[in-house]
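Trainee: To start, I am sharing the structure in question, which I have written as structure tokens.
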Amino acid sequence: MTKAPADFARRVDTLFSEFNGTDMPGVVVAVTENGREIFANAYGLANINDDVPMGRKTIIRIGSQSKQFAVSVILMLEAEGKLSLEDEVQKHLTYVPRLEYPVTLRHLASNTSGYRDHLESMSIGGLSIFAPSDRQTVRDVIARQDALNFKPGSAMTYSNAGFFMLSEIVEQIEGATFNEVLRKRITGPLAMDDTSLMLRDGSVMKRLAAHYTKQPDGWIQLAWGIEFGGEGGMVSTLDDMVVWQQNLIDPKVGTQQMYRRMAMPCVFDNGATGFYGLGLVTDVYRGRRAVGHGGSVAGGLSHSMRFIDDGLGIVIIANNDQVAAFAVARRIADIYFGEAAPAPIELAPGRYRQENGPDVFEIVAKDGVTTFLSSDGVSGFDFGHSGGAKPESAITDLVLSPRPDGKIDGTFCGTPRVYIPLIADASAVAPLTGRYTNKAQGLEVEIAGDAQRGMFHLRSDLGAMNAPIVAADSDLWLLLQPRTEMHPDLAWKATLSITADGFEVNSDRVKKWHFTRA
């Protein structure tokens with residue numbers, strides 16, 4: 001008999017009730033208990049134009065859930081003596097620059113390499129993620145990186161570039177495409193016949209869902225122009241992802257030792273334990289160990305989560321970007337375990353800046369819910385997290401706690417930080433007006449404006465970006481989101497820190513882009 005409450009199905013259905021309309025995209029969900037399915041349902045439409053309902057066999061993008069497959073193959077190759085996680089990247093990929101410190105394959109697989117995220121680099125560098133580009137473009141962007149975000153192993157910042165490199169290494173060693181290797185080693189033996197690498201949005205595939213984003217006047221289909229690899233290019237179905245989740249528990253492909261390694265959290269140089277393992281996210285939620293991974297793509301979100309000591313598994317795949325899959329998976333767990341929400345921690349609304357640093361976040365009350373905003377996304381808070389309030393996102397290591405003086409104490413990757421409130425309508429010490437360059441990356445910037453507002457015009461061989469800037473502090477500006485970007489709901493894309501000879505660009509995934517005055 002299941003441990004779930006008697007009204008479990010009704011309450012889970014309620015979480016997705018908004019997708020029951022006749023003109024809504026949708027989501028598919030499955031819940032398992034000790035390997036036995038106790039709930040599954042499909043909501044909404046796979047294709048609104050043709051009135052095709054979502055179903056267990058609907059093929060949908062799973063985004064960054066692809067990373068666990070890429071790492072699984074890497075570990076299989078290591079077991080066969082074809083590589084080592086302690087190999088430096090340059091042993092396999094000569095185009096990758098060796099910068100301040102050596103970077104290993106382990107660093108890539110754990111998001112601790114310090115390599116900048118190539119999607120963010122391309123976007124800030126003038127190439128919209130919606131514009132057509134190929135894998136060689138990604139190689140070129142990685143090849144001209146001129147500094148690491150941080151010393152490898154000292155922190156964790158999400159970097160798609162690391163998993164792009166891992167999938168390139170797989171192809172190089174195996175002499176086959178990533179999709180062919182995937183089919184040979186994982187999806188074929190597991191009969192996951194609807195799971196594959198789909199390089200580009202716009203590909204033709206039977207039962208493939210359209211992917212949607214919400215606009216003020218309704219839903220529109222959304223597609224990226226970039227060509228993806230093992231960092232985020234896979235498609236799958238609800239049935240196949242349930243098979244994969246069960247394989248992580250009771251392996252028919254791979255080994256238990258391999259998947260335990262993937263779920264083992266990284267340990268930073270300062271001795272603190274992180275939450276990202278090797279291609280899998282591991283955390284403690286309400287005292288229970290949870291392991292999984294999520295995915296975000298153009299018009300799609302997904303998450304797979306399993307509570308490894310309690311036998312509970314949850315799979316969510318949506319063909320729209322309005323389902324907060326990570327948070328909703330936790331709400332399903334709350335229903336199953338009968339957990340009540342912890343008391344909220346009072347965090348004063350406002351914008352905050354890292355003391356003596358470039359990072360900025362904002363606390364807002366959104367529909368009465370305390371909400372966290374940064375250049376990387378929007379989320380609620382987990383107020384039951386050990387040490388304070390943690391943004392309810394699968395890819396952040398930040399924990400916050402209010403102080404009596406109005407500042408906020410933070411811990412990031414085990415390192416204490418202090419965040420200070422920023423005033424509205426701030427002024428910088430001087431306008432940033434002028435021309436600037438980053439010669440290593442072939443970037444040119446022209447800024448016009450005054451000490452409070454301006455326009456940022458960037459040009460490169462990748463393209464162009466034009467966006468407003470506003471002063472956030474005497475020595476700090478916010479680069480606002482261009483309208484053409486994937487997150488028009490976010491207030492800013494990056495910060496600009498004034499330096500002696502120019503400024504430095506920092507975002508959640510790209511650090512230390514230095515521009516000097518021309």
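Values quoted throughout were computed directly from the atomic coordinates according to the rules given, and no laboratory measurement underlies them. None of these values were measured; they are calculated from a predicted model. No Cβ is skipped: glycine too gets one built from the backbone with ideal geometry, and neighbour counts run over all protein chains shown.
Trainee: Convert 25 °C to kelvin, take the viscosity as 0.890 mPa s, use the Kirkwood radius over C-alpha pairs of the stretch 1-92 as Rh, and evaluate the Stokes-Einstein diffusion coefficient in µm²/s, rounded to a whole number.
Mentor: 146
Trainee: A follow-up question, please. For the stretch 48-205, what are Rg and Dmax over the alpha carbons, in angstrom?
Mentor: When restricted to the Cα atoms of the stretch 48-205, Rg and Dmax are 16.9, 54 Å.
Trainee: Also: Under the Karplus relation 6.51 cos²θ - 1.76 cosθ + 1.60, θ = phi - 60°, what is the ordered set of whole-Hz ³J(HN,Hα) values for the stretch 491-503, x standing for Gly and Pro?
Mentor: 6, 9, 9, 6, 10, 10, 9, 6, 10, 4, 10, x, 7
Trainee: If you take every residue apart from Gly230 with its C-beta less than 11 Å away from the C-beta of Gly230, what net charge results, scoring Lys and Arg +1 and Asp and Glu -1?
Mentor: Once positives and negatives cancel, what remains is -2.
Trainee: Starting at 0 and stepping by 20 Å, how many percent of the alpha carbon pairs of the chain end up in each bin?
Mentor: Per 20 Å bin, starting at 0, the Cα pair percentages come out as 23, 58, 19, 0.
Trainee: Let me ask something else about it. Roughly how big is the stretch 434-517's charge dipole about its Cα centre, with Cβ charges of +1 (Lys, Arg) and -1 (Asp, Glu), in debye to the nearest 20?
Mentor: Using only the charged Cβ atoms, the result is roughly 180 debye.
Trainee: Would you kindly state how much longer the chain becomes between Asp87 and Arg207 on full extension, computed as 0.36 nm times their sequence separation minus their alpha carbon distance, in nm to one decimal?
Mentor: 39.1 nm
Trainee: Grab the DSSP H runs of the chain that are 4 residues or longer, score each as -39,500 (n - 2.57), total them, divide by all residues and round the 222 nm result to the nearest 500 deg cm²/dmol.
Mentor: -5500 deg cm²/dmol
Trainee: Right, next: Mind sorting Ile447, Ile226 by how few other Cβ atoms lie within 10 Å of their own Cβ, fewest first?
Mentor: If I rank by nearby Cβ atoms, fewest first, I get Ile447, Ile226.
Trainee: Of Ile124, Gly229, Gly350, which is farthest on the positive side of the dipole of the chain, counting Cα position, with +1 on Lys and Arg Cβ, -1 on Asp and Glu Cβ, and the Cα centre as origin?
Mentor: Gly229
Trainee: Given Val242, Gly384, Val27, which one lies farthest toward the positive end of the charge dipole of the chain, if we put +1 on the Cβ of every Lys and Arg and -1 on the Cβ of every Asp and Glu?
Mentor: Most positive-ward Cα: Val242.
Trainee: Tell me, what is the FRET efficiency for Glu355 and Thr437 to the nearest 0.05, using R0 = 25 angstrom and their Cβ-Cβ distance as r?
Mentor: Rounded to the nearest 0.05, the efficiency is 0.25.
Trainee: Contour minus end-to-end for Val364 and Thr499, with contour as 0.36 nm per residue of separation and end-to-end as the Cα-Cα distance?
Mentor: Stretched out fully, the Val364 to Thr499 stretch lengthens by 45.6 nm.
Trainee: Kindly list the residues of the stretch 348-389 that lie in the label zone of Ala272, defined by a backbone N under 14 Å from the point 7 Å along the Cα-to-C-beta vector.
Mentor: 355, 386-389
Trainee: Can you compute the FRET efficiency between Ala131 and Arg11 using 1/(1 + (r/R0)^6), with r the Cβ-Cβ distance and R0 = 45 Å? Round to the nearest 0.05.
Mentor: 0.55
Trainee: Each residue of the stretch 242-254 in order: what ³J(HN,Hα) in whole Hz does its phi give by Karplus 6.51 cos²θ - 1.76 cosθ + 1.60, θ = phi - 60°, with x for Gly and Pro?
Mentor: My calculation for the stretch 242-254 gives 5, 4, 5, 4, 5, 5, 5, 8, 10, x, 9, 10, x Hz in order.
Trainee: Still on this structure: Just how large is the dipole of the chain about the Cα centre, in debye to the nearest 20, putting +1 at every Lys and Arg Cβ and -1 at every Asp and Glu Cβ?
Mentor: The calculated dipole for the chain is roughly 620 debye.
Trainee: To one decimal place, what orientation-averaged projected area in nm² is obtained for the convex hull of the Cα set of the stretch 185-277?
Mentor: 9.5
Trainee: Tell me, how many Å apart are the Cα centres for the stretch 222-287 and for the stretch 107-130?
Mentor: The stretch 222-287 and the stretch 107-130 have Cα centres spaced 19 Å from each other.
Trainee: Taking the Cβ-Cβ separation of Lys184 and Ser474 as r and a Förster radius of 41 Å, what is the calculated FRET efficiency to the nearest 0.05?
Mentor: Efficiency, rounded to the nearest 0.05: 0.10.
Trainee: Also, I was wondering about something else. Using the alpha carbons of the stretch 434-517, what is the convex hull volume per residue in cubic angstrom, as a whole number?
Mentor: About 95 Å³ per residue, rounded to a whole number.
Trainee: Also, I was wondering about something else. Which order do the peptides 502-509, 396-403 come out in when sorted by mean C-beta neighbours inside 10 angstrom, highest first?
Mentor: Put in order of decreasing packing, that is 502-509, 396-403.
Trainee: If only Cα atoms are counted, what is the Rg of the stretch 350-421, and what is its Dmax, in Å?
Mentor: Radius of gyration, then largest Cα-Cα span, for the stretch 350-421: 11.3, 32 Å.
Trainee: Tell me, how many Å apart are the Cα centres for the stretch 384-422 and for the stretch 84-105?
Mentor: 33
Trainee: Follow-up. Could you tell me the center-to-center distance, by alpha carbons, between the stretch 329-383 and the stretch 22-42 in angstrom?
Mentor: 26
Trainee: Separate question: Where the only charges are on Cβ atoms (+1 Lys, Arg; -1 Asp, Glu), what is the dipole of the stretch 350-421 about its Cα centre, to the nearest 20 debye?
Mentor: With Lys and Arg at +1 and Asp and Glu at -1, about 160 debye.
Trainee: Here's something else I'd like to know. Would you please give the residues with an amide H less than 5 Å from that of Tyr285, counting only those at least 5 places away or on a separate chain, with H modeled from the backbone geometry?
Mentor: Residues meeting the criterion, in which the H sits 1.01 Å from N, are Ala290.
Trainee: What is the stretch 350-421's relative contact order, in percent, from Cα pairs under 8 angstrom and six or more apart in sequence?
Mentor: Relative contact order here is 24 percent.
Trainee: Work out the charge dipole of the chain with +1 on the Cβ of Lys and Arg and -1 on the Cβ of Asp and Glu about the Cα centre, then indicate which of Met198, Pro53, Ala42 is farthest towards its positive end.
Mentor: Among Met198, Pro53, Ala42, the one farthest towards the positive end of the dipole of the chain is Met198.
Trainee: Can I ask one more? Which ³J(HN,Hα) values, rounded to whole Hz and listed in residue order, are derived for the stretch 84-96 from phi using the Karplus coefficients 6.51, -1.76 and 1.60 in 6.51 cos²θ - 1.76 cosθ + 1.60 with θ = phi - 60°, glycine and proline given as x?
Mentor: Karplus-based 3J(HN,Hα) across the stretch 84-96 equals 9, 4, 8, 5, 5, 4, 5, 4, 10, 10, 6, 7, 7 Hz.
Trainee: Moving on. Could I get the Rg over Rh figure for the stretch 269-361? Both from C-alpha atoms, Rh via Kirkwood, rounded to two places.
Mentor: Rounded to two decimals, Rg/Rh equals 1.03.
Trainee: Given an 8 Å cut-off on Cα distances and at least 6 residues of separation, report the relative contact order of the chain as a percent.
Mentor: 15
Trainee: If you filter the stretch 88-188 for chymotrypsin sites (Phe, Trp or Tyr not before Pro), then keep DSSP loop positions with at most 15 other Cβ within 10 Å, what is left?
Mentor: Hits after loop and neighbour filter: Tyr95.
Trainee: Scan around Ser159 for amide H atoms under 5 Å from its own, H built in the peptide plane at 1.01 Å from N, and keep only partners 5 or more places away or cross-chain.
Mentor: Residues meeting the amide H criterion: none.
Trainee: Going by amide H atoms built from the backbone, whose H comes under 5 Å of the H on Ile38, apart from near neighbours?
Mentor: So Ile38 has HN proximity to Val31, Thr32, Glu33.
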